[in-house]
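Trainee: Please see the structure below; I have some questions.
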Amino acid sequence: MTASLGVAVIGAGMAGKAHAAAYRAASTLYKPTLPQIRLVSIADINVELGGEAAARYGFERHDADWRALVDDPSIDVVSVVVANFLHREIVEALLAAGKHVLCEKPLSDTIEDARAMADAARAADAKGTLARIGYSYLRAPGIAFIRKLIDDGRLGEMLHFSGRYWTDYGCRPDAPMSWRYQGPAGSGALGDVGSHLSYIAEHLCGDVQEVSGGRFHTSIAERPKPLGAVVGHTRGNVSDELAPVENDDYATFNARFARCVGTLEVSRVAAGHPNDLVLEIFGSKGAARWSQTNPGQVEVMLHDEQGDLAGYRTVPLGPAHPHYAGGWAMDAPGVGIGQNDLFVHQARAFLEEVAGIPEAESLPRCKSFDDGVHNMEFLAAVAASAAQRGATVTVKED
């Protein structure tokens, strides 16, 4: 194991800050087996934003140009957390320089670029350099517990799945135009939060086989052009000039998985639902559901209950459940866990793999770029279904 790992983050927006904070906290989780983590740089073209983030999270410096990280031998690990269309150039340069890369989802804005990135990742892997994609929900204790209920057979044979990811960051017409509202059909709400929902669905229900009933809708057709840089989901500071929204505010589709069928729905214009991810799965012996609104609990219903007590029971998550014990200073039932914690788990999992800690002693590994390509093939099938008025489309096998 190396004596230390130098870490950098490209992108100082909302998700970039989540990565920065996660690297800062990653050594505090579980046993102290990680090498020393050196917080070296946060890179962002917005000097004020990047400098503030570097100071806030204890990084040594801010760089206005991400290329400075490529040339810095003190940096070993880099998170890429910028607009999707920028991923390929940055990731390929970092991998060529021998940097281990954790890239935010989706892998890119086009399947062609994503495939090229996966090729570069395999070439880098042959030289001992890792490239992984951040699927943070795969280490959520509640989701992992539902997967355990499925694998243990306690829910019986899977019958069907229902999942939705409703957000409201785009529900106001004065939200300024940004890269999130540009790109082809399927790169809007589906590519943003639907990428999360789709890999979670496969994690619980098995490999996707086909999709049908695809439908997209752009609820707000035009948005005002910003007067300055757009950071995260901010509003205000806009001009009177409008620009057309190019992609989907809302998407829904059906899917057939290896274990069952399901319905998935995503939105970025669901007023009153700032971050509402809800999962419910039904089996022959019972059902289970989990919500991002109350992520420290899972609701479980089993048919073997007494008749007068039938129904869902609330199970507070604690040390008896996956990825919980030893993960926080207070790891008792009822303490709770949130989405910020999942970013820390994600950073910890990536650093464990980079440091060479055996997989059996680690959190579940981050996924490969090939997995990222598969996720984009899944979403591309949804877009094809929507373009064909809901037709059934087979998801391309890797």
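To keep it simple, each residue is scored yes or no on (1) on the phi > 0 side of the Ramachandran plot; (2) modelled with pLDDT of 95 or more; (3) of a type in the set (A, V, I, L, M).
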| residue | (1), (2), (3) |
| --- | --- |
| G156 | yes, yes, no |
| S162 | no, yes, no |
| T167 | no, yes, no |
| G186 | yes, no, no |
| A189 | no, yes, yes |
| L197 | no, yes, yes |
| I200 | no, yes, yes |
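Trainee: Can you pull out every residue in the range 110-153 that is over 30 Å from G334 (Cα atoms) and not in a helix (DSSP H, G or I)?
Mentor: Selection gives T110, A126, K127, G128, T129, L130, A131, R132, I133.
Trainee: A follow-up question, please. How many of the residues making up the range 26-44 are in contact with a Phe, Trp or Tyr (Cβ under 9 Å, 6 or more places away or on another chain) and either in contact (Cβ under 8 Å) with a residue 40 or more places away in the chain or more than 11 Å from V77 (Cβ to Cβ) (or both)?
Mentor: Number satisfying all stated conditions: 8.
Trainee: Where residues in the range 290-317 are of a type in the set (V, I, T) and within 16 Å of R147 (Cβ to Cβ), which of them is surrounded by the most Cβ atoms within 10 Å (Cβ to Cβ)?
Mentor: V298
Trainee: Inside the range 179-197, can you point out the residues that are in contact with a Leu (Cβ under 8 Å, 6 or more places away or on another chain) and assigned to a helix (DSSP H, G or I)? Let's see the steps before the verdict.
Mentor: Within the range 179-197, the first condition is being in contact with a Leu (Cβ under 8 Å, 6 or more places away or on another chain), and the residues that meet it are 186, 190-191, 193-197.
Hits for the range 179-197 are L190, G191, V193, G194, S195, H196, L197.
Trainee: Is it true that G134 is in contact (Cβ under 8 Å) with a residue 12 or more places away in the chain, crowded, with 23+ Cβ neighbours inside 10 Å and under 26 Å from S4 (Cβ atoms)?
Mentor: Yes; evaluated as a whole, the condition is true for this residue.
Trainee: Just checking, does the range 76-96 include any residue being surrounded by 18 or more Cβ atoms within 10 Å (Cβ to Cβ), touching a residue at least 40 places away in the same chain (Cβ under 8 Å) and more than 21 Å from the chain's Cα centre (by Cα)?
Mentor: Yes, there is a match, as at least one residue in the range 76-96 is surrounded by 18 or more Cβ atoms within 10 Å (Cβ to Cβ), touching a residue at least 40 places away in the same chain (Cβ under 8 Å) and more than 21 Å from the chain's Cα centre (by Cα).
Trainee: Here's a follow-up. Among what's in the range 17-28 and is crowded, with 24+ Cβ neighbours inside 10 Å and in contact with a Gly (Cβ under 9 Å, 6 or more places away or on another chain), pick the residue that is farthest from A349 (Cα to Cα). First the steps, then the outcome.
Mentor: Step one: of the range 17-28, the residues crowded, with 24+ Cβ neighbours inside 10 Å are 19-20, 22-23.
Then drop every residue that is not in contact with a Gly (Cβ under 9 Å, 6 or more places away or on another chain), which leaves 19-20.
Working: H19: 13, A20: 15 Å.
The qualifying residue farthest from A349 (Cα to Cα) is A20.
Trainee: A further question on this structure: Filter the range 29-40 for residues that are over 19 Å from H100 (Cα atoms) and crowded, with 18+ Cβ neighbours inside 10 Å and give the result.
Mentor: L29, Y30
Trainee: Cβ contacts < 9 Å: first residue under 17 Å from D125 (Cα atoms) and not assigned by TED's automatic domain parsing to the domain that holds L39, restricted to the range 351-366; second residue of a type in the set (K, R) and crowded, with 17+ Cβ neighbours inside 10 Å, any location; separation 6+ or different chain. Result?
Mentor: Between residues of the range 351-366 that are under 17 Å from D125 (Cα atoms) and not assigned by TED's automatic domain parsing to the domain that holds L39 and residues that are of a type in the set (K, R) and crowded, with 17+ Cβ neighbours inside 10 Å, the close pairs are E353/R132; R365/R132; C366/R132.
Residues checked against (1) at pLDDT below 95; (2) assigned to a loop (DSSP other than H, G, I, E, B); (3) out of contact with any Lys or Arg (no Cβ under 6 Å at 6 or more places or on another chain); (4) not polar (S, T, N, Q):
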{"residue": "M301", "(1), (2), (3), (4)": "no, no, yes, yes"}
{"residue": "E305", "(1), (2), (3), (4)": "yes, yes, yes, yes"}
{"residue": "A325", "(1), (2), (3), (4)": "yes, yes, yes, yes"}
{"residue": "H345", "(1), (2), (3), (4)": "no, no, no, yes"}
{"residue": "L351", "(1), (2), (3), (4)": "no, no, yes, yes"}
{"residue": "E377", "(1), (2), (3), (4)": "no, no, no, yes"}
{"residue": "A384", "(1), (2), (3), (4)": "no, no, yes, yes"}
{"residue": "K396", "(1), (2), (3), (4)": "yes, yes, yes, yes"}
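Trainee: Scan the range 41-52 for residues that are hydrophobic (A, V, I, L, M, F, W, C) and crowded, with 23+ Cβ neighbours inside 10 Å and report the count.
Mentor: Matching residues across the range 41-52 total 2.
Trainee: Here's a follow-up. If you check D192 against the conditions, is it surrounded by fewer than 18 Cβ atoms within 10 Å (Cβ to Cβ) and touching a residue at least 24 places away in the same chain (Cβ under 8 Å)?
Mentor: Details: surrounded by fewer than 18 Cβ atoms within 10 Å (Cβ to Cβ): no; touching a residue at least 24 places away in the same chain (Cβ under 8 Å): yes.
Spelling it out, it is not the case that D192 is surrounded by fewer than 18 Cβ atoms within 10 Å (Cβ to Cβ) and touching a residue at least 24 places away in the same chain (Cβ under 8 Å).
Trainee: Those residues that are crowded, with 21+ Cβ neighbours inside 10 Å and within 20 Å of F85 (Cβ to Cβ), I need them from the range 155-174; list them, please.
Mentor: Passing the criteria: only G170.
Trainee: Also, quick follow-up: Only one residue in A26, A114, A12, A118 is closer than 30 Å to E397 by Cβ, touching a His at 6+ places or on another chain (Cβ under 9 Å) and at pLDDT 95 or above, so which one is that?
Mentor: Within the list A26, A114, A12, A118, the selection yields A114.
Trainee: Next question, about the same structure. Do the conditions hold for W290, that is, is it closer than 27 Å to G153 by Cβ and in contact (Cβ under 8 Å) with a residue 40 or more places away in the chain?
Mentor: Spelling it out, W290 is indeed closer than 27 Å to G153 by Cβ and in contact (Cβ under 8 Å) with a residue 40 or more places away in the chain.
Trainee: Can you find even one residue in the range 328-336 that is aromatic (F, W, Y), more than 27 Å from P106 (Cα to Cα) and surrounded by 17 or more Cβ atoms within 10 Å (Cβ to Cβ)?
Mentor: The first filter runs over the range 328-336 and keeps only residues aromatic (F, W, Y), leaving 328.
Then keep just the ones that are more than 27 Å from P106 (Cα to Cα); that gives 328.
With surrounded by 17 or more Cβ atoms within 10 Å (Cβ to Cβ) added as a condition, the list becomes 328.
Within the range 328-336, one or more residues are aromatic (F, W, Y), more than 27 Å from P106 (Cα to Cα) and surrounded by 17 or more Cβ atoms within 10 Å (Cβ to Cβ).
Trainee: Is it true that V7 is in a strand (DSSP E or B), touching a helix residue (DSSP H, G or I) at 6+ places or on another chain (Cβ under 8 Å) and not basic (K, R)? Full working, then the answer.
Mentor: Working: in a strand (DSSP E or B): yes; touching a helix residue (DSSP H, G or I) at 6+ places or on another chain (Cβ under 8 Å): yes; not basic (K, R): yes.
So V7 passes the test.
The values are calculated or read from the model by the stated rules, or taken from the named source; none is laboratory data. These numbers were taken from a predicted model, which means no experiment stands behind them. Cβ atoms come from the backbone with ideal geometry, glycine included; neighbour counts cover every protein chain shown.
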